[in-house]
Amino acid sequence: MPAEVHGIVTTDQQVAQSTLAVRTIANGAFVVLDEIRHAGDERAWGDGVRSAFEVASVRLCLTGTPFRSDSLAIPFVYYDAGGEAEPDVEYSYGPALADRGVVRPVHFPRLGGEMEWIGPEGSVQSASFDDALDPRLASQRLRTALDASGEWMPDALARAHAQLADVRQTHPEAGGPVIAMDRDHARGVAKIIRDWLGVKAVVVTSDDPSASQRISAFATSRDPWLVAVRMVSEGVDIPRLRVGVLATTTTTELFFRQAVGRIVRWVPGHDAPAVVHVQAR
């Protein structure tokens, strides 16, 4: 590198494509690997990161979620006999909450109800969230609850909106995300918010080229609701988010932790708990 250059910023994909070149630069260097768990997304990424940075003098591997839903090993992470990651330094939600000024407490109102739907084979099914169902029927029940044309979603959104309105009495710029299933569902949710609650929601989806700009604009606005599909569950910092609705069929622990993590950021002068509305599943 030129003498005046002290380091580089790159991506997992670029490392995989130029492993030998990066390895030369990384030899003896201090390497910071942000969200190291992503290096396991593709075999080429993991192999490239491991090969390029194994020659570094120091590696600082960072992540807020030190595990993967697919259980693939993360490069440079040590695991115990049970497959759990063993960090050198851990700063989790409990200590962060005790330190104050980092995260806020979070409450999870669980919304129940009786669902009725017609199964793929044509049979009429009915169940509440208190009923024990096999995975197939539980999935159908959840999709029935989340249907934007049904009765459950308007009630859930109305409850969340009332909660947000209460928060905005003392935190006027507070907002909330609704995590939707897909693009059509997001639009249906936004329509409920507009028609039933009388406010406009900002909609962002991964196939929208202006999504990042919309999120940035929402972050600095006083708009109440952001309806998103896989756009604000990770890597987005909007501290004013205070009330959320998980209206998605994605139920992995990783996704849940990341989504809730968007809502628990501490804001000076506003230390009331965050609220995440979830299905009683």
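Structural remarks
- Selection from 206, 11, 256 lying farthest towards where the dipole of the chain points positive, charges on Cβ: 206
- Net +/- balance of residues flanking residue 27 in space, Cβ distance below 13 Å, scoring K and R +1, D and E -1: +1
- Of all DSSP beta bridges confined to the chain, the antiparallel ones make up roughly 25%.
- Approximate spin-label separation residue 162-residue 270, in nm, with each point projected 7 Å along Cα-to-Cβ: 2.2
- Semi-axes of the equivalent ellipsoid for segment 15-135, computed as √(5λ) from the eigenvalues of its C-alpha gyration tensor and ordered from largest down, come to 42, 23, 12 Å.
- Highest to lowest packing among 73-82, 220-229, scored as the average C-beta count within 10 Å: 220-229, 73-82
- Dipole magnitude of segment 104-279, debye to nearest 20 (Cβ charges: Lys/Arg +1, Asp/Glu -1, about Cα centre): 680
- Net +/- balance of residues flanking residue 180 in space, Cβ distance below 10 Å, scoring K and R +1, D and E -1: +1
- On Cα atoms only, tilt of 135-146 relative to the major axis of the chain in degrees: 70
Coordinate-derived values only; no laboratory data. The shown structure was predicted, so the numbers you read here are calculated from the model rather than taken from an experiment. Please note: Cβ atoms are built from the backbone with ideal geometry, for glycine as well, and neighbour counts cover all protein chains shown.
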